[in-house]
């Protein structure tokens, strides 16, 4: 889709109502979108289940590309080294798979770790053991740089419920590397009272991806035009930063509504 004279690449999320990638690719092409974001949390899209050649063939047949959303359970800073090492391996293997698929962008949630509930509230273990956490972050950055230096794949970290202080410190370390970037999830940001927005804007040179959905005081992942977010503001930001944009609803009905909203409210205005 085109916004004014600037081409913007819009995509769709993985929808649970579809059993396989071909249904998604077909709808993506029908709606005039550019890509499908493959959610690796679903069993049909695990690392073991993805047939790269088949996906490439389907993408070519329908004229669509792919991005990858890593499993949300990945915690590469887990204090148990075997778990953390398995996450290292999973992330790199997924990135290498994405590269073979022709996908240059991977979206990743930033795991907050576990917490203890104390008499005066919750305490994040990564905050208590901050030195170990930061050491693991630095190790992860070095590992990814070495493994992905020739792939051209960017790992973009998505905001969720508001970054903690230790997560911001970690992000500053990761964003110093060309391997890492940011995903700005607008609906998540709205639900978190936009506490991450200043950090993301300060690092807009590292903003490569956006999840755009509407939200109100109770729900997010709503179709565009059905909530209270200033969508035009964030589409301008996406355009200025050259972001790819996932219209992240949870149903095909909501996706169609969002596509129609974009066409009616932003194209050629």
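A short reminder: the numbers here are calculations on the coordinates, not readings from a lab. As the structure is a computational prediction, the values presented were derived from the model and not from experiment. Here the Cβ positions follow ideal geometry from the backbone for every residue, glycine too, while neighbour counts run over all protein chains shown.
Summary table below
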{"read-out": "Angle in degrees between helix 165-174 and the longest Cα principal axis of the chain, rounded to the nearest 10", "value": "70"}
{"read-out": "Choice from 81, 206, 122 with maximal GNM fluctuation in the chain (Cα, 10 Å cutoff)", "value": "122"}
{"read-out": "Length added when fully stretched, residue 145-residue 164, from 0.36 nm per residue minus Cα-Cα", "value": "4.4 nm"}
{"read-out": "Acute angle (nearest 10 degrees) that the helix 81-100 long axis makes with the longest principal axis of the chain, alpha-carbon atoms", "value": "30"}
{"read-out": "Principal axis dimensions, largest first and in whole angstrom, of region 113-269 by Cα", "value": "50, 48, 27"}
{"read-out": "Residue order, fewest to most beta carbons within 10 Å, for 16, 138, 210", "value": "16, 138, 210"}
{"read-out": "Against the rule of thumb 2.2 N^0.38 Å, how large the Cα Rg of region 2-263 comes out", "value": "0.99"}
{"read-out": "Rg and Dmax of region 52-188, Cα atoms only, in Å", "value": "16.3, 58"}
{"read-out": "Relative contact order (percent, whole number), the chain, Cα cutoff 8 Å, 6+ residue spacing", "value": "19"}
{"read-out": "Crossing angle, helix 52-62 versus the chain [Cα axis fit, 0-90 degrees, rounded to tens]", "value": "30"}
{"read-out": "Value of [θ]222 nm, deg cm²/dmol, for the chain, DSSP H segments ≥ 4, -39500 (n - 2.57) each, nearest 500", "value": "-12500 deg cm²/dmol"}
{"read-out": "Hull shadow area, averaged, region 18-95 [alpha-carbon convex hull, nm²]", "value": "5.3"}
{"read-out": "Ranked list, fewest to most other Cβ atoms within 10 Å of each Cβ, for 100, 112", "value": "100, 112"}
